[in-house]
1. In debye, nearest 20: dipole of the range 149-293 around its Cα centre with unit charges on the Cβ of K, R (+) and D, E (-)?
2. Please give the net charge around residue 283, taking every other residue with its beta carbon less than 11 angstrom from that of residue 283, where Lys and Arg add +1 and Asp and Glu add -1.
3. Report ³J(HN,Hα) in whole Hz for each residue of the range 72-77, in order, from the Karplus equation J = 6.51 cos²θ - 1.76 cosθ + 1.60 where θ = phi - 60°; Gly and Pro get x.
4. Under a 5 Å amide H to amide H cut-off, with H placed in plane at 1.01 Å, what residues pair with residue 248 once short-range neighbours are removed?
5. Please report how far the C-alpha centroid of the range 138-173 lies from that of the range 44-84, rounded to the nearest whole angstrom.
6. Obtain the nm distance between the two label points defined at residue 83 and residue 105 by a simple spin-label model: each point lies 7 Å from its Cα along the Cα-to-C-beta direction.
7. Hey, what number do you get for the chain at 222 nm if only DSSP H runs of n ≥ 4 count, each worth -39500 (n - 2.57), divided across all residues, to the nearest 500?
8. Near residue 270, within a Cβ-to-Cβ distance under 11 Å, what is the net charge of the other residues, with Lys and Arg +1 and Asp and Glu -1?
Amino acid sequence: MTRVIDGKAIAAEIRSEIQLSVSSLTRNTAIVPGLAVVLVGDNPASQVYVRNKQKSARDIGMNSMDIKFHQDVDAATIESKLDELNQDESVHGILVQLPLPDHLDEKSIIRRISPMKDVDGLHPENVGLLLAGTPRFIPATPAGIQELLIRTNNNPSGKHVVVCGRSDIVGKPISALLLQKDKSANATVTICHTGTKDMGEITRQADILVAAVGIPELITADMVSEGVVVIDVGINRKPDRSKKSGYRLVGDVEYDGVLAKASAITPVPGGVGPMTIAMLLFNTMKSAKLTTD
Ligand code: GUN
């Protein structure tokens, strides 16, 4: 029987674990972990994500600071705000919501965040630490995927993990994370991307398939083998006139078809999404604790 992985419930469990750490840190040191979230422009999906991140932070006793810029803001204005946040002792985590508008260079803006406050794990120093096997902040979505696998008894050790997608935010870091020589990783990892000739031939070899391509329902039933564990990272809006909003959310996996073959699968929504937020809070807590070392 296929197990539908309840990311919402597992994320709630993790958030309550972090809440306990927050209250003990605050009781013992008077430090309240603080998360600053920077949003540029009015991308509706980004607005929802940012609101959810902030609410979740406040719900577990953290401070959350909200910094919004107009779509046309210049890089210098954002960078000077980041310099200010880097200096602010009440801020332990800084997140710049991506994607940024086209006129801004994401990589140079991310580099401006102090690596000690980069709770998204995207600064080159943190990317390097992850690859070196000594991570400081593991990017939230990959960290969430690893937790989901462990907490559902699907330890990736010795398994063939096929990752579809090579983004800086998911594909590259989940590959680096799961290939580490560590009891919760230790996988054989193959990465497919737009240059891959026959993706199906490779995805059919997967024990665990991570779909992070950003293309609605790209992974179909014929591309997976019986018993595969499927982690669907995609969150895509598909027009649906029967919905009040005019759309419904679908992943990168054609859910009904793949569900019939998988031994376990994450739904969209309610799979990876809530885990990303939980692990961001975990990193913010870790950053606050690092200031006490
Ligand atoms: N946009 C989509 N996912 C993420 C994320 O995990 N972090 C940031 N900063 N932006 C995102």
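Read-outs throughout are calculated quantities, based only on the coordinates presented, and are distinct from any laboratory measurement. As the structure is a computational prediction, the values presented were derived from the model and not from experiment. Methodologically, a virtual Cβ is constructed for each residue, glycine included, from the backbone with ideal geometry; neighbour enumeration extends over all protein chains shown.
1. On the way: 17 positive and 14 negative charges, 95 e Å.
Using only the charged Cβ atoms, the result is roughly 460 debye.
2. Numbers: positive: 117, 136, 286, 289; negative: 118, 120.
Here the charged neighbours net out to +2.
3. Going residue by residue, I get 8, 4, 8, 4, 4, 5 Hz, with x marking Gly and Pro.
4. 238, 240
5. 26 Å
6. In this crude label model, residue 83 to residue 105 measures out at 1.7 nm.
7. Roughly -12000 deg cm²/dmol at 222 nm, from the helical runs in the chain.
8. Details: positive: 8; negative: 6, 232.
Result for the neighbourhood of residue 270: -1.
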